[in-house]
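A short write-up of the structure that comes next.
The values are calculated or read from the model by the stated rules, or taken from the named source; none is laboratory data. No experiment lies behind these values; they were computed from the predicted model shown. Neighbour counts are summed over all protein chains in view; Cβ atoms, including those assigned to glycine, are modelled from backbone coordinates with ideal geometry. We work out accessible area using only protein heavy atoms, side chains counted, and drop any ligands, DNA or RNA first. Shrake-Rupley method; radii C 1.70, N 1.55, O 1.52, S 1.80 Å.
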Amino acid sequence: QVQLVESGGGLVQAGGSLRLSCLASGSIRSIANMGWYRQAPGKQRELVATITSSGRTNYADSVKGRFTISRDNAKKTVYLQMNSLKPEDTAVYYCNADIDSAYGYRNYWGQGTQVTVSS
């Protein structure tokens, strides 16, 4: 079955950088939009950044200028480069993608990866 797996999360100090990766695997025909969302304890999941199949990007105001989303279509991977990290960026980050596969055209979520930014 189609699966999204995130990696790259961890503990960093404020001002540091981290790069998240999300690999899509399975019987994939094509991948349309991909994105990153995050959820902090006690808060709702929120959009961080999205990217279309052609590379058009969109960012939440809170991360503009600090985060960069990109994708490698050949590798079926989406990345999130996070710079100038702040404690408020601490959250579980989830990968999301619209994928056409043997199971039809569906939206998928990864299992999440923890990002913790210390003061």
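A few notes on this one:
- Restricting attention to the chain, close to 90% of DSSP beta bridges with both partner residues there are antiparallel.
- Stretch gain in nm, segment Q81-R45, where the contour uses 0.36 nm per residue and the Cα spacing is subtracted: 11.0 nm
- Inter-probe distance in nm under a simple model that places probes 7 Å from Cα toward Cβ, at S27 and R66: 4.3 nm
- Radius, Kirkwood style, for the chain when every pair of distinct Cα atoms is counted (Å): 14.3 Å
- The fraction of accessible area contributed by carbon and sulfur in the chain is 45 percent, rounded to a whole number (1.4 Å probe; ligands and nucleic acids excluded).
- Paramagnetic label zone (point 7 Å from Cα along Cα-to-C-beta, S17; backbone N under 19 Å) in segment 51-95: 63-72, 78-87, 89-90
- Theoretical gain in end-to-end length, D98 to N58 [0.36 nm per residue, Cα-Cα removed]: 12.8 nm
- For segment 1-74, the solvent-accessible area with a 1.4 angstrom probe is 57 square angstrom per residue.
- The lysines within cross-link reach of K86, meaning a Cα-to-Cα straight distance under 26 Å and a gap of 8 or more places when in the same chain, are K43, K64.
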